1. Name the residues of the stretch 167-204 whose amide N is less than 19 Å from a point 7 angstrom out from the Cα of GLU24 along the C-beta direction?
2. Explain nothing, just the number: relative contact order of the stretch 177-239, from Cα pairs under 8 Å at least 6 residues apart, as a whole percent.
3. Just add up the charged neighbours of TYR299: K/R +1, D/E -1, any other residue whose Cβ is under 15 Å from the Cβ of TYR299.
4. May I ask what percent, to the nearest 5, of DSSP beta bridges between residues of the stretch 262-334 are antiparallel?
5. Sticking with the crude label model, points 7 Å out along Cα→Cβ, report the distance from ARG149 to GLN228 in nm, one decimal please.
6. When the label point is put 7 Å from the Cα of GLU121 along its Cα-to-beta-carbon vector, which residues of the stretch 21-35 have a backbone N closer than 19 Å?
7. Relative contact order of the stretch 220-346, please, whole-number percent, based on alpha carbon pairs below 8 angstrom and at least 6 residues apart.
8. Taking the Cα-to-Cβ direction at ARG285 and at LEU8 and moving 7 Å from each Cα, how far apart do the two end points lie in nm?
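What follows draws every value from the coordinates through simple rules; no lab data is involved. In this text the structure is predicted, and so the values were computed from the model without any measurement. Ideal geometry is used to build each Cβ from the backbone, glycine not excepted, and the neighbour counts take in all protein chains shown.
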Amino acid sequence: MSMEIEKLHIENLIAGYFSDSLTEDEQQELNALLAESDENMALFESMREIWFAAEAGDRTFDRNGAYRRFLDRVGRANRRKRRKKIMRAALQSAAVVAVALVVAHVSFRWGNEDIRERFAEISIEVPLGSRTKTCLPDGSSVWLNAGSRIEYSQGFGVDNRAVSLSGEGYFEVERNAGLPFEVKTAEICVNVLGTKFNFRNYPDDGEASVSLLEGSVSVCNRMKCGEQTRLSPGQKLFIDKSSGEMRVKESKVEHSVEWTAGNLFFDEELLSDIIKELERSYDVRIMVADPDLNNLRFYCSFIRREMSIKDIFDMLCSTGKMTYSISGKEIKLDLPRRDAANEHEY
């Protein structure tokens with residue numbers, strides 16, 4: 001693909017982004033292109049200014065009309081670039097860009113609220129049994145674990161960098177001192193400027209946690225009237241979702257992101273929590289015959305891409321603490337039989 005055709009393809013993807021007409025695959029392709037090149041990101045920013053200028057032409061917003069004006073301005077801008085050796089065309093191009101920036105600036109002054117209200121919400125959801133990595137419009141990246149969902153405004157990066165998370169995400173945030181990055185859940189809110197951290201808060205988990213690998217983050221406890229605490233690298237914060245109590249401890253935080261490489265790591269965790277993770281990772285249903293089993297703790301590590309759910313329970317049950325049986329996608333755990341404490345069924 002020639003550079004000119006490739007650029008036209010990127011412009012078409014960006015145009016589709018602003019008109020909210022991209023398919024999921026096209027959105028993923030655009031995210032990847034923006035992440036791989038500063039020039040692509042600069043093109044995105046330039047076209048965003050033109051889009052706002054096209055919108056600002058009429059207080060009564062007409063999406064189709066704005067889209068047509070947007071494509072017309074982009075087309076004219078591209079034609080001027082192809083004639084950039086002619087001074088007159090270059091001056092005209094500069095004039096149009098200046099007008100677009102002025103109109104965009106005016107639109108932000110009197111129409112910022114209107115524009116924000118028209119932004120659609122973008123949602124990325126990861127099915128059970130998988131994980132995915134995506135690039136946000138500001139260049140930040142996030143890994144999403146199985147059964148997770150992230151939402152952010154189509155205007156992300158304009159006057160805020162706020163996302164909502166349900167599940168687990170590992171964030172690598174581009175630094176922007178003027179526009180802090182914010183991750184919200186019902187219980188806590190994490191504010192950062194630029195850093196690397198893991199945030200876990202599944203709806204059915206009793207605890208939420210934040211593990212900091214690099215930089216600094218501020219955590220706001222929304223259950224305790226905005227109680228604030230700040231983490232340093234190597235620290236992990238837990239919040240009890242029933243009481244709102246927070247605690248911070250030193251931790252080998254690198255273990256908290258092993259899932260991004262397809263690994264499962266459990267550090268003396270309760271079987272009840274391990275079960276939830278295995279259900280999401282392997283898309284299975286696990287039932288416990290005896291509630292006492294939920295109090296068992298295990299220290300173990302698995303390479304998910306190389307091990308089946310049967311392999312994992314073979315290892316867990318080799319401790320003699322429980323037995324298991326499998327029927328399709330259903331797994332049943334029970335206490336070991338007295339006459340065969342080290343046996344299991346499958």
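1. 167-169
2. 29
3. -3
4. 75
5. Spacing of the two 7 Å Cα→Cβ label points: 3.1 nm.
6. Residues 21-22, 24 qualify, since their backbone N sits under 19 Å from the label point.
7. 18
8. 5.3
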